[in-house]
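**Student:** The structure under discussion is supplied below as structure tokens; questions concerning it will follow.
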Amino acid sequence: MQSTVVTRAHSRREALDLMNRVFINHLPVVDDGGRVVDLLDRKDIDQQILLSTPHMGSAEREYVEEAFQTNWIAPLGPNVDAFERELASLVGIKHAAAVSSGTAAIHLGLRLLGVGPGDRVFCSTLTFAASANPIVYQGAEPVFIDSERKTWNMSPLALERAFEAARSEGWKPKAVVVVNLYGQSADMDPILEICNRFGTPMLEDAAESLGAMYKGRQSGTFGALGVYSFNGNKIITTSGGGMLVSNDGALIERARFLSTQARDPAPHYQHSEVGYNYRMSNILAGVGRGQLMVLNDRVRARRAVFETYRSELSDLPVIEWMPQPDWSYSNCWLTVATIATSSRVGSTELIRRLAGEFIEARPVWKPMHRQPVFAGRRYFTAGDESVSDLLFENGLCFPSGSNMTPQQLDRIIGVVRSILS
Ligand SMILES: Cc1ncc(COP(=O)(O)O)c(C=O)c1O
């Protein structure tokens, strides 16, 4: 006969599987002596804690409702114009164009910087594929740059090595895509100094870092162009969307033109260039306006999540949190750490065991130079070691949502402690 008890050693998933097999909603937990020490209730145990979920404020519906009432159910419209203005003013930049995704914003940005077939573009290796894919959309070749330990972002030393190698081989990259990982700015001063010295524009992929700061200045405002994402998992969301920003009004004007099918100013439909359908809709921009009003709250909440993990688990030396240099004000989009190789349980096993407790954790981005789709592309490190490889092999992201309850956070911390100690 099937056993209908579990012990503390069983995971929540195993307990739930057992409940499903024997069609019950409650399950006793027994100790080594077979004594009942707890009772599991189905409704308490299959609550999944996700990595990062949307967190709406109170004004989003009003803006969306207004769009319905005025029948602005279209790409473009008053919410789009206002969202662009409000975001630009919040981050302290002159111009912004709202588009359908962060990926679209990167694609437009590269095209605006003149990236085309046969060009090469330097790009952070430790990132999501969307930082690099648009380089290929333009027929150009990505060349990947390693991270530094201090920030986990692009290593200025590796970047300089790449520029020097290019110069000695007689070529020059058309642009540099610098990613601000997990909500923390890259070390912009040395990176910009190198880009300026070699005369190459920088596109700042701030998809994950809206609301973060570098030396007191908003992340996303350092490059010739900056990009934000409002994907569903980001610090604020429009369900899907992006923004391209710049202090150069002509660039943003051209981004608007290209993102609305590059239509010439003629009475009929006339096109002298190939464009895209990349504009944001007036409804989604309404969601964005509401979300922008709570951005600072969301940043504070995510920073508090990180602080709680760090302080509550400070007695576990095998966990090494993503470092935050003095100049960094991270938005802590995700709380990320590496697990020491000396640990009995490594990051992959920890992710698996957390999944057994209905807690979603994910590996750190797999570096682009290791992706099958980019096999054979060039890759520069600062020295002999590849930092991004080490971070990928030992790193994981913990649930970090601004709408997690203190009880959920306590549960995660308790589970991590029981697995790692
Ligand atoms: C670093 C980075 N770049 C670009 C993107 C692309 O943004 P989107 O999903 O809005 O296209 C994302 C996230 O999705 C990202 O994390």
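**Student:** Loop-only check: which GluC sites (Glu not before Pro) in region 357-399 are DSSP coil with at most 13 other Cβ within 10 angstrom?
**Tutor:** E385
**Student:** Would you please name the trypsin sites (Lys or Arg not before Pro) within region 1-59 that are DSSP coil residues with at most 15 other C-beta atoms within 10 Å of their C-beta? Intermediate values should be presented prior to the final figure.
**Tutor:** Details: sites: R8, R12, R13, R21, R35, R42, K43; in loops: R8, R35.
Answer in residue order: R8, R35.
**Student:** Can you compute log10 of I(q)/I(0) for region 71-146 with the Debye formula, treating each Cα as one identical point scatterer, at q = 0.17 Å⁻¹?
**Tutor:** Each listed q maps to, in turn, -0.77.
**Student:** If amide hydrogens are placed 1.01 Å from N in the peptide plane, which non-local residues have theirs closer than 5 Å to the one on V179?
**Tutor:** S124, M154, D205
**Student:** Let me ask something else about it. Simple spin-label model, 7 Å along Cα-to-Cβ: S418 to M293 in nm?
**Tutor:** Going from the S418 label point to the M293 one covers 4.2 nm.
**Student:** Something else about it: Over the Cα atoms of the chain, how large are the radius of gyration and the largest Cα-Cα distance (Dmax), in Å?
**Tutor:** Using the Cα atoms of the chain, the pair Rg, Dmax is 23.7, 86 Å.
**Student:** Which percent of the accessible heavy-atom area of the chain goes to carbon and sulfur, probe 1.4 angstrom?
**Tutor:** C and S fraction of accessible area: 51 percent.
**Student:** Can you list the residues, at least 5 places off or on another chain, whose amide H is less than 5 Å from the amide H of G211, using H built in the peptide plane?
**Tutor:** Amide H to amide H, under 5 Å and 5 or more residues apart or across chains, G211 pairs with S219.
**Student:** Follow-up question, since we're still on this one. Modelled label-to-label distance, Q47 and R149, 7 Å Cα→beta-carbon offset: nm?
**Tutor:** Modelled inter-label distance: 4.0 nm.
**Student:** Now, a different point. Per residue of region 226-238, what does 6.51 cos²θ - 1.76 cosθ + 1.60 with θ = phi - 60° give for ³J(HN,Hα)? Whole Hz please, x for Gly and Pro, Karplus curve as stated.
**Tutor:** Each residue of region 226-238 in turn: x, 10, 10, 10, 10, 4, x, 9, 7, 5, 10, 9, 10 Hz.
**Student:** In whole Hz and in residue order, list the ³J(HN,Hα) couplings for region 181-194 that follow from phi through the Karplus curve 6.51 cos²θ - 1.76 cosθ + 1.60, θ = phi - 60°; x for Gly and Pro.
**Tutor:** After applying 6.51 cos²θ - 1.76 cosθ + 1.60, I find 6, 6, x, 10, 5, 6, 7, 5, 4, x, 5, 5, 4, 5 Hz.
**Student:** In percent, how large is the relative contact order of region 56-185, given Cα pairs closer than 8 Å and 6 or more residues apart?
**Tutor:** The value is 20 percent.
**Student:** Let me ask something else. Quick one: Karplus J couplings for region 296-307, per residue in order, coefficients 6.51, -1.76, 1.60, θ = phi - 60°, nearest Hz, x for Gly and Pro?
**Tutor:** My calculation for region 296-307 gives 4, 5, 5, 5, 4, 5, 5, 5, 5, 4, 4, 4 Hz in order.
**Student:** Another question about this same structure. Amide H to amide H, which residues 5 or more places from F358 or on other chains are under 5 Å from it, using H placed in the peptide plane?
**Tutor:** Excluding prolines and chain starts, which carry no amide H, the hits are R13.
The values are calculated or read from the model by the stated rules, or taken from the named source; none is laboratory data. Remember, predicted model here, so these are calculated numbers, not experimental data. So basically every Cβ, Gly included, is an ideal-geometry build from the backbone, and we count neighbours across all protein chains shown. These accessible areas exclude ligands, DNA and RNA; they are computed on the full protein's heavy atoms, side chains included. Shrake-Rupley method; radii C 1.70, N 1.55, O 1.52, S 1.80 Å.
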